[in-house]
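Peer 1: Let me begin by handing over the structure; questions about it come next.
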Amino acid sequence: MVVVAVALATVAVPHLFVQNAGSVPHLVEEAQAAGVIHSYQGDFDYLVGGGVAAFDCNGDGLPELYLAGGTAPAQLFLNTSTPAGALRFSPLPDPVTDLTDVTGAYPIDIDGDGIVDLMVLRNGENVLLRGLGDCRFARANEEWSFDGGDEWSTAFSAKWDAGATWPTIAVGNYLGPAESNGVLPCLDDQIYRPGASGTAFGPSISLTPSWCTLSLLFTDWDRSGRRDLRVSNDRYYYGEQSAGEEQLWSVPSSGPVSQYTAADGWQPVRVWGMGIADYDVNGDGYPDYYLTSQGDNKLQMLASGPSGPQYADDALAMGVTATRPYVGDTTLPSTAWHSEFQDVNNDGRMDLFVSKGNVNADPAFASQDPSDLFLGQADDTFKEAGQEAGIADFGSARGAVIVDLNGDGMLDMVVVERLENVRVYRNVGSGTSAAPQPMGNWLALRLQQPGANRDAIGSWIEVKAGDVEEQRELTIGGGHASGDLVPLHFGLGTASQAQVRITWPDGSVGGWQTLDADGTYLLQPAAEPQVIGP
């Protein structure tokens, strides 16, 4: 998924150009009318997971959807929406993609051929699907020397190290079979580096100890150019008395991997970790991390700069603890899963979506537990707007993506719900489904470069509009079993133009380019921007 951070500065830059900041967008649920009939099924072994991948697999500029099914088959849906019109999808049945036991999926161009591939996470063997073009795929485990294992997998992330011709990927695993004492053990997460050929994977490396992982993210937390692996773990199974905690691993291109410890400045944090989202909320130039959990969620910010990974929790001050439902079972604690920072109302302030839903039927936690939509405010805090926006649904939500499904410049929302049909919300701005009304100007940017890392994962994108400067790190991973590979979206408020500059993965910095608002652009090193889109 895409991760956002404000450019390096000592203080946050005021959003002076924004008008009607915090205006609530209208999100209209259209799944069945759009032809997306699908649900995530399964009992205990599928209580977690339930992801969705969004990516364009036929080159028309509109993202397709690949939905995990649990014990039911996963399903790929072709996006046939009319640009800027109502949402329309049609299923694309194929035994290659209609896999059972799927918990989640992430789009990624593994082999750098310009065609999107899929990492399919399963309760069983994980499968890499090589994109063939025109939304067709082929199993690639054997071709790419990828050992998919047989674990219960729930998380994924990827990076390209400097000079690498193949990605390094991480797979997060959850629970193993019960031991003789009845305890369900946490399974080791796995790292897969490029093999000797440079065009396939080598043997997996176990991350020991692992603590029942539900989200992973390779991230440049200290802006050093090195990408470490952030891990969010489920405290419920590693217990109160164990050494279990959230983790940060150093994963160099070769040699041993190592876990950050107290000697490095790492401080133990124990949550019922479900998902990770990151964005520079306080404007200090470094990514902050929103960690979903049961009860209160955490918003971790660097406490003393990049000298070490020491974090303080500022969720309460920013208004995003989200401990209880805003409607429904308002006296019971919530259960949060997927989280994602995106500007859903195009006002130039980042917003935060958090999916919610009871794990199963736990009476200690809310059963009527709607997902949150926190809108960024003028005072740099967030305000709940889920009910007014139209997403106050009482289904048991899991994974999600926030992407522009119909090319109108307004971000839509897909939310997987356990045992119920997926929710697909069309963003109609300040209007209605019959008469959408845009909210604010915007830019969408697709990066492309020669070589193995074709989508330029690891780049930083700077955007200046009015007196605002934002910066966004392009990553794959995070969320809850869900990811996207689509153009990066920037809300611009009332600005009619923006200046854009790219720091490419090799550290080279392009020049500033002026782009008109309300368009999708292809950006390449040493090339003029190209207008693209549906």
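Peer 1: As a test of the formula, what do you get for the chain when each DSSP H run with n ≥ 4 contributes -39,500 (n - 2.57) and the sum is divided by the residue count, at 222 nm and rounded to the nearest 500 deg cm²/dmol?
Peer 2: Values: 4 runs with 16 residues, N = 534.
About -500 deg cm²/dmol.
Peer 1: Can you compute the FRET efficiency between residue 264 and residue 80 using 1/(1 + (r/R0)^6), with r the Cβ-Cβ distance and R0 = 41 Å? Round to the nearest 0.05. Don't skip to the answer; put the middle values down first.
Peer 2: Working: r = 50 Å, r/R0 = 1.23.
Efficiency computed from Cβ-Cβ geometry: 0.20.
Peer 1: Between residue 180 and residue 379, what FRET efficiency follows from the Cβ-Cβ distance if R0 is 41 Å, with the result rounded to 0.05? Display every interim value, and only then the final one.
Peer 2: Working: r = 56 Å, r/R0 = 1.36.
Computed FRET efficiency for residue 180 and residue 379: 0.15.
Peer 1: On a 19 Å Cα-Cα criterion, which of the cross-link pairs 383/464; 298/356; 298/383 come out too long? Intermediate results must be reported in sequence, preceding the final value.
Peer 2: Numbers: 383/464 25 Å; 298/356 15 Å; 298/383 16 Å.
Check vs 19 Å cut-off fails for 383/464.
Peer 1: Apply the Karplus curve 6.51 cos²θ - 1.76 cosθ + 1.60, θ = phi - 60°, to the phi angles in the range 281-288 and return the couplings in whole Hz, x for Gly and Pro.
Peer 2: Coupling constants for the range 281-288: 6, 9, x, 8, x, 10, x, 9 Hz.
Peer 1: Now a separate question. Averaging the inverse of every distinct alpha carbon separation and then flipping it gives the Kirkwood radius. What is it for the chain, in angstrom units? Present the calculation step by step, with values, prior to reporting the outcome.
Peer 2: Numbers: mean 1/r = 0.0442 Å⁻¹.
That comes to 22.6 Å for the chain.
Peer 1: Now a separate question. Determine which residues of the range 424-440 fall in the zone a paramagnetic label at residue 33 would reach in this model, i.e. backbone nitrogen under 17 Å from the point 7 Å along Cα→Cβ.
Peer 2: Within reach of a label on residue 33: 424-438.
Peer 1: I would also like to ask the following. Expressed as a whole percentage, what fraction of the accessible surface of the chain belongs to carbon and sulfur atoms when a 1.4 Å probe is rolled over the protein heavy atoms? Walk me through the intermediate numbers first.
Peer 2: Values: 9020 of 18050 Å².
Taking all protein chains in place, the chain shows 50 percent carbon and sulfur surface.
Peer 1: Would you kindly compute the Cα radius of gyration of the range 90-168 and its largest Cα-Cα separation (Dmax), both in Å?
Peer 2: When restricted to Cα atoms, the range 90-168 yields Rg and Dmax of 12.7, 40 Å.
Peer 1: If each residue of separation counts as 0.36 nm, what is the full-extension length gain between residue 331 and residue 530 once their alpha-carbon separation is subtracted?
Peer 2: Numbers: separation 199, 0.36 × 199 = 71.64 nm, distance 5.21 nm.
The residue 331-residue 530 span can extend by a further 66.4 nm.
Peer 1: Averaged per residue, what accessible surface does the chain expose to a 1.4 Å probe, in Å²?
Peer 2: On the way: 18050 Å² over 534 residues.
Computed with neighbouring chains in place, this is 34 Å² per residue.
Peer 1: Further, regarding this structure: Quantify how much of the Cα-Cα distance distribution of the range 174-241 extends past 21 Å, in percent.
Peer 2: Numbers: 960 of 2278 pairs.
More than 21 Å apart: 42 percent of the Cα pairs in the range 174-241.
Peer 1: Would you mind putting 182-195, 206-219 in packing order, based on average other-beta-carbon counts within 10 Å, highest first? Spell out each step's value before the answer.
Peer 2: Values: 182-195: 18.6, 206-219: 23.1.
Ranking, from highest mean packing down: 206-219, 182-195.
The values are calculated or read from the model by the stated rules, or taken from the named source; none is laboratory data. Keep in mind the model is a prediction, meaning the values are calculated, not measured. We place every Cβ from the backbone using ideal geometry, glycine too, and count neighbours over all the protein chains shown. Surface accessibility is based on the protein's heavy atoms, side chains included, excluding ligands, DNA and RNA. Shrake-Rupley method; radii C 1.70, N 1.55, O 1.52, S 1.80 Å.
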